[in-house]
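The values are calculated or read from the model by the stated rules, or taken from the named source; none is laboratory data. Quantities reported herein were computed from a predicted structural model and do not represent experimental measurements. Neighbour counts are summed over all protein chains in view; Cβ atoms, including those assigned to glycine, are modelled from backbone coordinates with ideal geometry.
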Amino acid sequence: MKRNLIVLGFAVLAFSSCKQFKKGEGDMQYIIHEDKDGPAIKEGDFIALHAIQKTEEDSVLQNSYDYDRPMFVAEQKSAFKGDIYGALAMLSEGDSATFKINLDSLQQKMNMPKPPNTKGKYMVFTFKIDKVIPKGKLADSIFQGKIDQFLKAEVQKAKNQEAGKISSYISSKDLKPTATPSGLNYVVESQGNGPKPVAGDTVKLNYTGRFLTGKVFDTSLPAVAKKEGSFNPMRPYEPMKVAVGSHATIPGFDEGLMLFSKGTKATLIIPSKLGWGEQGAQAIPPYMPVVFDIEVMDIIKPKPGAPAPAPEASAPQPATPAR
């Protein structure tokens, strides 16, 4: 038994030593988690990667996994020794690693704002390299064609996987949603009273929009925004008013609002065909299903002869058709 404990102790020690940061160029420190065979990333290469950016206090600033899609980066010449591009140049396709990069240098040489609540010396980045398209000596047109082909395949993959991801989400949350003929799923948490809105009515509601990963992309609730670290003091956080049946919002949201009476709390699970579709919109990638938690605060009947209210800027707007 004692011998086994000694062997186990050596194993733990070896594992711990493997996880210690090593000295890189400049003031960089790094740990390589996975090292695949392949050429190192070079200036000009196209990179698809996942990235997590944190402070040394472990406060997450950005996480590409929240969006369920990789980020796309063009490798550039380093701005200083031991910067982000120097870190990426140590990796190849399939690799993953964590880097500590000097905060002051990032701020001075790359205009990256220093987080206000950190006392650490470093910003911490964890990268997972999904795909590298080498620029090499390829003509710009051929290189861009390879990138376009890859991006098109990524969009198709998102389209093919969407239904499965929605099913997995519903199963993982142990939900029992009601499905409408259009493909909208909804779950009523708390049933309200009174009539449901009809086309032309204005619904006053609070809402929180999330991706299936749980990442909040919009909310009318200040407490939620503060918890998510996305609070904007310049924005008014208050119930939103939406004229239902006017096609002023994404179809799934518009349809969902007509299902609930005043006082209802519900969750809408909206597939991309009823959301922002194949185009996406701003922070919404193509073929991205979304979830809205809503609470209907009031249903306002239109006054005779009054024009329909314009959609508020915070309403989930339909995607602008491509031109």
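Scanning segment 118-135 for residues that are over 21 Å from Glu93 (Cα atoms) and not in a strand (DSSP E or B), which turns out modelled with the highest pLDDT? First the steps, then the outcome.
At the first step, the residues of segment 118-135 found to be over 21 Å from Glu93 (Cα atoms) are 118-123.
Adding the requirement that they be not in a strand (DSSP E or B) leaves 118-121.
Values: Thr118: 89, Lys119: 91, Gly120: 92, Lys121: 95.
The residue in question is Lys121.
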Quick one: in segment 236-260, of everything that is assigned to a loop (DSSP other than H, G, I, E, B) and free of Cβ contacts under 8 Å to residues at least 40 places away in the same chain, which residue is surrounded by the most Cβ atoms within 10 Å (Cβ to Cβ)?
-> Tyr237
Restricting attention to segment 176-207, which residues are free of Cβ contacts under 8 Å to residues at least 40 places away in the same chain and touching a strand residue (DSSP E or B) at 6+ places or on another chain (Cβ under 9 Å)?
-> Lys176, Thr178, Ala179
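Condition check ((1) part of a loop (DSSP other than H, G, I, E, B); (2) at pLDDT 95 or above; (3) under 25 Å from Gly280 (Cα atoms)) across all residues:
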site: Ile31; (1), (2), (3): no, yes, no
site: Phe80; (1), (2), (3): yes, yes, no
site: Ala87; (1), (2), (3): no, yes, no
site: Glu93; (1), (2), (3): yes, yes, no
site: Ala97; (1), (2), (3): no, yes, no
site: Lys137; (1), (2), (3): yes, yes, no
site: Gln144; (1), (2), (3): no, yes, yes
Of the residues in segment 193-221 that are crowded, with 18+ Cβ neighbours inside 10 Å and small (Gly, Ala, Ser), the one that is farthest from Pro271 (Cα to Cα) is Ser220
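Examine segment 151-158 for a residue that is in contact (Cβ under 8 Å) with a residue 12 or more places away in the chain and either assigned to a loop (DSSP other than H, G, I, E, B) or farther than 23 Å from Tyr67 by Cβ (or both), and state whether such a residue exists. Please lay out each step first, then the result.
Kept after step one, since they are in contact (Cβ under 8 Å) with a residue 12 or more places away in the chain, are these residues of segment 151-158: 151, 154-155, 158.
From what is left, the residues that are either assigned to a loop (DSSP other than H, G, I, E, B) or farther than 23 Å from Tyr67 by Cβ (or both) are none.
No - not one qualifying residue is present in segment 151-158.
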Number of the condition not met by Lys165 [criteria: (1) exposed (fewer than 14 other Cβ atoms within 10 Å of the Cβ); (2) more than 19 Å from Gly256 (Cα to Cα)] = (1)
Please go through segment 287-315 and pick out each residue that is at pLDDT 95 or above and outside any strand (DSSP E or B).
-> Tyr287, Met288, Pro289
If a residue has to be among the small types (Gly, Ala, Ser), touching a Phe, Trp or Tyr at 6+ places or on another chain (Cβ under 7 Å) and free of Cβ contacts under 8 Å to residues at least 60 places away in the same chain to count, how many in segment 82-137 make the cut?
-> 0
